[in-house]
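To start, the structure itself, in structure tokens.
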């Protein structure tokens, strides 16, 4: 028996590997990457790190590492910084480790993070430009229907002139 391909309905998730799926994955991974920066956007030198923060940081790093393969495979043609992601994740074993990093190494890692973040956003932009233009809704098409020949667009606000007055 042959498998029949189901018809796609508007609420269905995008098909694996489709442009919509690639956009969805890119947005989600870029958001995870941005969440990572929330942990080390400011200096950690004098910060008291709680066990909850360590746990949340480790969870974020884990998710980035877990989804790395899927992200890089789906973005292979457009994103070329996948090894940079792994280099940064390798340095992010814990918040305590980041706090003990020399200031220059920490600043360099932040710069690398930003370069990768810019690359992710460029990739997302490239994917979004490949989407077909959306058709305006039926209501919009009827409202902006072209004018027919001979009809004016707007009425003027000039007062009516009387016969015998200038301008008549």
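Extension gain for residue 97 to residue 70 (0.36 nm times residue separation, less C-alpha to C-alpha distance): 7.0 nm. For the pair segment 88-118 and segment 14-85, the centres of their Cα atoms are 14 angstrom apart. Counted by neighbouring Cβ atoms within 10 Å, the residues 37, 106, 69 run from fewest to most as 69, 37, 106.
Exposure proxy for 101, 75: other Cβ atoms within 10 Å of each Cβ, ordered fewest to most, give 101, 75. Going by neighbour counts of Cβ atoms within 10 Å, the residues 129, 50 line up, fewest first, as 129, 50. So how far apart, in nm, are the two label points at residue 59 and residue 122 if each is 7 Å from Cα heading toward Cβ? Between residue 59 and residue 122, the simple spin-label model gives 3.3 nm. Please say if segment 19-129 is rounded, prolate or oblate, where rounded means a/c under 1.5 for a ≥ b ≥ c the square roots of the C-alpha gyration tensor eigenvalues, and otherwise the choice is prolate for a/b larger than b/c and oblate otherwise? Prolate is the answer for segment 19-129, as a/c is 1.5 or above and a/b outweighs b/c.
Each label was represented as a point 7 Å from its Cα along the Cα-to-Cβ direction; for residue 38 and residue 15 these points are 3.5 nm apart.
FYI, it's all coordinate maths here, none of it is from the lab. Everything numeric in this text was worked out from a predicted model, so none of it was measured. In this analysis, Cβ positions are derived from the backbone assuming ideal geometry, glycine residues included, and neighbour counts consider all displayed protein chains.
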